[in-house]
Ligand SMILES: [Zn+2]
């Protein structure tokens, strides 16, 4: 159970990191375009043509067009949001199906979530139920 939660959490963190990466890439692109387009009279058309034509020097890697960079940033952002929504859905789904076992009478029952302490529905003892499995 603990491992399952950690896996979902890492997915959640991965989604947040993708979102941040995409957002920062887009931010850098717009910040670069903004600094040179702010002096222009026709701001938006200049901004658009700047993004379409300008290249970024990446040193040893070579040059990268701002268009690709902004597409890359948008893809990261969308992917991050997708991962976030997906991992949240997994958290929600598995929350409804936990199989618990009583350590005394060995009976199983299903619960909405794993509990630290619960009353066994069979022997009515106050026990620490063992998690058998989780799934949909
Ligand atoms: Zn019991």
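The values are calculated or read from the model by the stated rules, or taken from the named source; none is laboratory data. Since the model is a prediction, treat every value here as computed from it, not as a measurement. Ideal geometry is used to build each Cβ from the backbone, glycine not excepted, and the neighbour counts take in all protein chains shown.
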(message) Go through the range 33-52 and report how many residues are part of a helix (DSSP H, G or I), more than 32 Å from the chain's Cα centre (by Cα) and exposed (fewer than 12 other Cβ atoms within 10 Å of the Cβ).
(response) 2
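Condition (residue is at pLDDT below 75 and closer than 30 Å to residue 123 by Cβ) applied to the range 47-59: is it met by at least one residue?
No, because not a single residue in the range 47-59 is at pLDDT below 75 and closer than 30 Å to residue 123 by Cβ.
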(request) Pairs only if they're at least six apart or on different chains, beta carbon under 9 angstrom, first in the range 116-136 and within 13 Å of the ligand (Cβ to nearest atom), second modelled with pLDDT under 85 and in a loop (DSSP other than H, G, I, E, B); list them, first residue then second. (result) 128/115; 128/116; 129/114; 129/115; 129/116
(message) Looking at 87, 94, 99, can you tell me which residue is modelled with pLDDT under 90, within 16 Å of the ligand (Cβ to nearest atom) and either over 30 Å from residue 36 (Cα atoms) or surrounded by 13 or more Cβ atoms within 10 Å (Cβ to Cβ) (or both)?
(response) 99
